[in-house]
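Worksheet: one structure, shown below.
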């Protein structure tokens, strides 16, 4: 796309490039390529429908995220739906940017405005301006590096109740094209427990996801048996993927910040998974 023809007011500028991930194109490409190169081949049992990936700073969760995004190498998806939590002070059940593009150091990503409007007709969205949300943006450089060009449907859950995720899922099942669509759930897992406590909580969360059990996952989150800051995003993606014919989840990787920093007293958990449809 020719950026010279784009109104700068239509671009959602990055508030986290240079802090949460590298701020220059060359350094960002090298970082992502290094993470991807460290991931062994993991064949999937069917057609890829969706991914679950973490959203901390790349130094902490980038290697786990690479286990999800390695699955995109050599594939093409025309549209990517990224569903994340909202960490900002906004009102409304599900948020979406008013902007037409997101910018990262790797270039612009076009927002699928037609799909945004279609979802809004089925399930009312709350449109926001220049937001500070990291959990959605942090997925974009990995997507840009592995897929190249794609259009983005960016959805942020301020309200992560099961009913909200279910309603959004029903809207997506109605409006999304039958082909060429990838779903991405952005979530970290437990926050600030000891290493062993985190592993116990996160094992439960990843087991629920691995069983393709959206309701069980939601129950375990509600009861405190598991923890995930983007649990509503995961529920929405699991439900939408199932509605699109997916029938299996493959857990690809788990780690926590203690594995990176060596600090085992207050860790954050990260998981990666792929959701597929049998041929």
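The values are calculated or read from the model by the stated rules, or taken from the named source; none is laboratory data. Model, not experiment: these values are computed from the prediction. Neighbour counts run over all protein chains shown; Cβ positions are idealised from the backbone, glycine included.
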- Would you pick out the residues in region 42-63 that are surrounded by fewer than 18 Cβ atoms within 10 Å (Cβ to Cβ) and touching a helix residue (DSSP H, G or I) at 6+ places or on another chain (Cβ under 8 Å)? 42, 44, 59
- Task: Among what's in region 86-104 and is in contact with a helix residue (DSSP H, G or I) (Cβ under 7 Å, 6 or more places away or on another chain) and modelled with pLDDT under 95, pick the residue that is surrounded by the fewest Cβ atoms within 10 Å (Cβ to Cβ).
- Result: 87
- Message: Within region 207-229, does at least one residue satisfy the condition of being within 19 Å of residue 166 (Cβ to Cβ), assigned to a helix (DSSP H, G or I) and in contact with a strand residue (DSSP E or B) (Cβ under 7 Å, 6 or more places away or on another chain)?
- Response: yes
- One residue from 75, 103 being touching a residue at least 24 places away in the same chain (Cβ under 8 Å), over 18 Å from residue 209 (Cβ atoms), part of a strand (DSSP E or B) and in contact with a strand residue (DSSP E or B) (Cβ under 9 Å, 6 or more places away or on another chain): 103
- Which listed residue, of 32, 83, is modelled with pLDDT of 95 or more, surrounded by 14 or more Cβ atoms within 10 Å (Cβ to Cβ), closer than 24 Å to residue 211 by Cβ and touching a helix residue (DSSP H, G or I) at 6+ places or on another chain (Cβ under 9 Å): 83
- Out of (1) out of contact with any helix residue (DSSP H, G or I) (no Cβ under 6 Å at 6 or more places or on another chain); (2) crowded, with 24+ Cβ neighbours inside 10 Å; (3) in a helix (DSSP H, G or I), the one residue 235 does not meet is (1)
- Task: Select from region 162-176 the residues that are touching a residue at least 12 places away in the same chain (Cβ under 8 Å), part of a helix (DSSP H, G or I) and either closer than 12 Å to residue 235 by Cβ or touching a strand residue (DSSP E or B) at 6+ places or on another chain (Cβ under 8 Å) (or both) and list them in ascending order.
- Result: 162, 164, 165, 166, 167, 168, 169, 172
- Message: I want to confirm something. Restricting to region 107-144 and keeping residues that are assigned to a loop (DSSP other than H, G, I, E, B) and surrounded by 18 or more Cβ atoms within 10 Å (Cβ to Cβ), which single residue is nearest to the chain's Cα centre (by Cα)?
- Response: 139
- Please indicate, with yes or no, whether at least one residue in region 20-36 is under 20 Å from the mean Cα position of the chain (by Cα), free of Cβ contacts under 8 Å to residues at least 40 places away in the same chain and not in a helix (DSSP H, G or I). no
- Message: Every residue in region 172-199 that is touching a helix residue (DSSP H, G or I) at 6+ places or on another chain (Cβ under 6 Å), more than 24 Å from residue 71 (Cβ to Cβ) and surrounded by fewer than 22 Cβ atoms within 10 Å (Cβ to Cβ), please.
- Response: 174, 175, 195
